[in-house]
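So the structure is just underneath, and the comments pick up after that.
Every number in this text was worked out from the coordinates using simple rules, so none of it is lab data. Note that the structure is predicted; figures quoted are calculated from it, not measured. A quick note on method: Cβ atoms are made from the backbone with ideal geometry, for glycine too, and the neighbour counts reach across all protein chains shown.
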Amino acid sequence: MEQRDDRSRLSKIIRTDMTIEISRETRQEALASIERYFQKNMEEPIGNIAAGALLNFFLEELGPLVYNKAIADAQRHLQARVMDLDIELHEDEFTYWRKTERPRKSK
C-alpha cells in the first residue's frame, strides 16, 4: 500500500496526461478490425465514424490500464535481472591473503 501511495504522490508531481499515440496505418487496421468484429459478431454493423469513436474511447479508457500492466511486467523482469547481477558477477572480497598464504609444511 505504501508503494502505491509513493507512486501516486510521484505521479502528481511529474504527471502529464498520457495520450496513447498510434500510427495512421495502425489506426486504419484497428478500425477495420473493429468494423469486421461488429459485422461478424453483432446484429448490426458499425460505421467508420462510430468505430473511430469506439477506438478513441478504448485508447483513452483502457489504454492506460494495459500500459501500466506492461510497465509493471517490464519492471518485474528488470528487477529479476538486476538481482541476478549479484550472483553472476559477485567477487569474493579480501582474498589476497588466502591466495598468497600457503600451508606451512610440518617438520
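Of the residues in the stretch 79-98, at least one is under 22 Å from the mean Cα position of the chain (by Cα) and either in contact (Cβ under 8 Å) with a residue 24 or more places away in the chain or under 25 Å from MET18 (Cβ atoms) (or both). Summed over the stretch 41-64, residues that are under 14 Å from ILE20 (Cα atoms) and either in contact (Cβ under 8 Å) with a residue 12 or more places away in the chain or surrounded by 10 or more Cβ atoms within 10 Å (Cβ to Cβ) (or both) total 9.
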